[in-house]
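The values are calculated or read from the model by the stated rules, or taken from the named source; none is laboratory data. Note that this is a predicted model, so its numbers are computed, not measured. Quick reminder, even Gly has a Cβ in these numbers, built from the backbone with ideal geometry, and neighbours come from all protein chains shown. Surface accessibility is based on the protein's heavy atoms, side chains included, excluding ligands, DNA and RNA. Shrake-Rupley method; radii C 1.70, N 1.55, O 1.52, S 1.80 Å.
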Amino acid sequence: MVSKTEETQLSNLENQVDNGGGGAWEFLCLVRKLKVRRSEKVLKHGLSILRDPKNRSSLGPDEWTLYEQVAIAAMDCQCLNVAKDCIKVLHKKFPESKRVGRLEALLLEANGSWEEAEKAYSSLLEDNPLDQAIHKRRVAMARAQGNMSAAIEFLNKYLETFMADHDAWRELAEIYVSLQMYKQAAFCYEELILSQPMVPQYHLAYADVLYTLGGLENLQTAKKYYASTIDLTGGKNTRALFGICLCSSAIGQLSKGRNKDDKESPELQSLAATALEREYKQIAPDKLSLLSTALKSLKVSA
């Protein structure tokens, strides 16, 4: 994650280069170091260095790193001929390089040659089954084609080896939600909460999925996770506050006719409603009447 200091440093250097103050190479190095995307600027300033024989030769071994950086930026900007030229130079210098092979596969993908790109990625994985970047490219390519079943298959296979990859679990959960496969999505969020219990977004997403699934037990659990989201955010999460009210209303409907012991105390929903009213008074007082109407329809009172 880029710190504010690093972001400021990058912004200042970018402005300096754009205004002709020099420092193009330093800017490109900082972009690589921070792993940020500034594709148009990288393409522009990178090509200006590569097209100047004197500047290019002064880089030494870093010349090849710049060719790679510009190739990726060119693909981002759909300047595929530029990318092709850069990759050709790299292939000539490193004919057996798997890293260059990955760039060639990326170019096939950028051209929309899905089958050829898949063959290239599969071949690279045969040589190195633990290449995380290639696994993720296959997932991205499947999603780009709208083939969600393949994306799910690739992600599940990937997570068999890289179980601690939180981004992969989150992506898998989001795909399941988009396909209304809520039980599978719930499992993914459970894994995320187990590994990162202090991240409120996972508690909130899990609660949303359980609320969508419905049923008394799921609603009661969803309410607990909305409450934990509120706790982790210091009471600042409006969605979770609404979640408490919605769950309370739904649980009340499902608990009609049950034993008194099965019914929940209204204290939590009352606190949530009070917090919502306080927040709306501060931030959106003109919408307070709409909130009151919504809470009244849910039979929730502050």
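Relative to the longest principal axis of the C-alpha atoms of the chain, give the angle of the C-alpha long axis of helix 166-178, reported between 0 and 90° and rounded to the nearest 10°.
60
Give the angle, between 0 and 90 degrees and rounded to the nearest 10, that separates the Cα long axis of helix 4-18 from the longest principal axis of the Cα atoms of the chain.
With both axes taken from Cα atoms, the answer is about 40 degrees.
Under 8 Å for C-alpha pairs, at least 6 residues apart: give me the relative contact order for the stretch 76-127, rounded to a whole percent.
32
Through the Karplus equation 6.51 cos²θ - 1.76 cosθ + 1.60, θ set to phi - 60°, convert the phi angles of the stretch 32-39 into ³J(HN,Hα) values in whole Hz; use x for Gly and Pro.
So the J values, rounded to whole Hz, are 5, 4, 7, 6, 9, 9, 10, 4.
Please sort 7-14, 167-174 by packing, taking for each peptide the average over its residues of neighbouring beta carbons within 10 angstrom, highest first. Could you put the intermediate results ahead of the total?
Numbers: 7-14: 14.1, 167-174: 19.6.
Ranked from most to least packed, the peptides come out as 167-174, 7-14.
Starting from the amide H of GLY235, placed 1.01 Å from N in the peptide plane, find each other amide H under 5 Å away whose residue is 5 or more places distant or on another chain.
Excluding prolines and chain starts, which carry no amide H, there are no hits.
Per-residue HN-Hα couplings for the stretch 185-197, Karplus 6.51 cos²θ - 1.76 cosθ + 1.60 at θ = phi - 60°, whole Hz, x for Gly and Pro?
Per-residue couplings from phi come out as 5, 4, 4, 4, 5, 4, 4, 5, 5, 4, 8, 9, x Hz.
What label, among [x] 19.6; [y] 30.0; [z] 21.0, belongs to mean projected area of the Cα convex hull in nm² computed from the structure on display?
It is the value labelled [z].
Can you give me the angle between helix 288-297 and the longest principal axis of the chain, using Cα atoms only, in degrees from 0 to 90, rounded to the nearest 10?
The answer is roughly 60 degrees.
For a paramagnetic label modelled at 7 Å from the Cα of THR8 toward its Cβ, which residues of the stretch 34-64 fall within the zone defined by backbone nitrogen distances under 20 Å?
34-36
Mind listing the phi-derived Karplus ³J(HN,Hα) values for the stretch 79-89, rounded to whole Hz, using 6.51, -1.76 and 1.60 with θ = phi - 60°, and x for any glycine or proline?
Here the 3J(HN,Hα) series is 8, 6, 5, 5, 4, 4, 5, 5, 5, 4, 4 Hz.
Where does each of 110-116, 55-61 land if you order them by average Cβ count within 10 Å, highest first?
110-116, 55-61
Kindly provide log₁₀ I(q)/I(0) values, in the same order as q = 0.14, 0.24 Å⁻¹, from the Debye equation applied to equal alpha-carbon scatterers of the stretch 67-119.
So the normalised log intensities work out to -0.30, -0.86.
Only helical DSSP H runs with n ≥ 4 go in: add -39500 (n - 2.57) per run for the chain, normalise by residue count and round the 222 nm mean residue ellipticity to 500 deg cm²/dmol.
-24000 deg cm²/dmol
Can you give the FRET efficiency to the nearest 0.05 for GLU217 and SER292, using r as the Cβ-Cβ distance and R₀ = 45 Å?
Calculated value: 0.90.
At a probe radius of 1.4 Å, what is the per-residue accessible area of THR274, in Å² to the nearest 10?
Only protein atoms counted, so the area is about 60 Å².
Taking the mean number of other Cβ atoms within 10 Å as a proxy for protection, how do you rank 118-127, 93-102, 246-255, 200-209 from highest to lowest?
Per-residue Cβ counts within 10 Å, averaged per peptide and sorted highest first, yield 200-209, 246-255, 118-127, 93-102.
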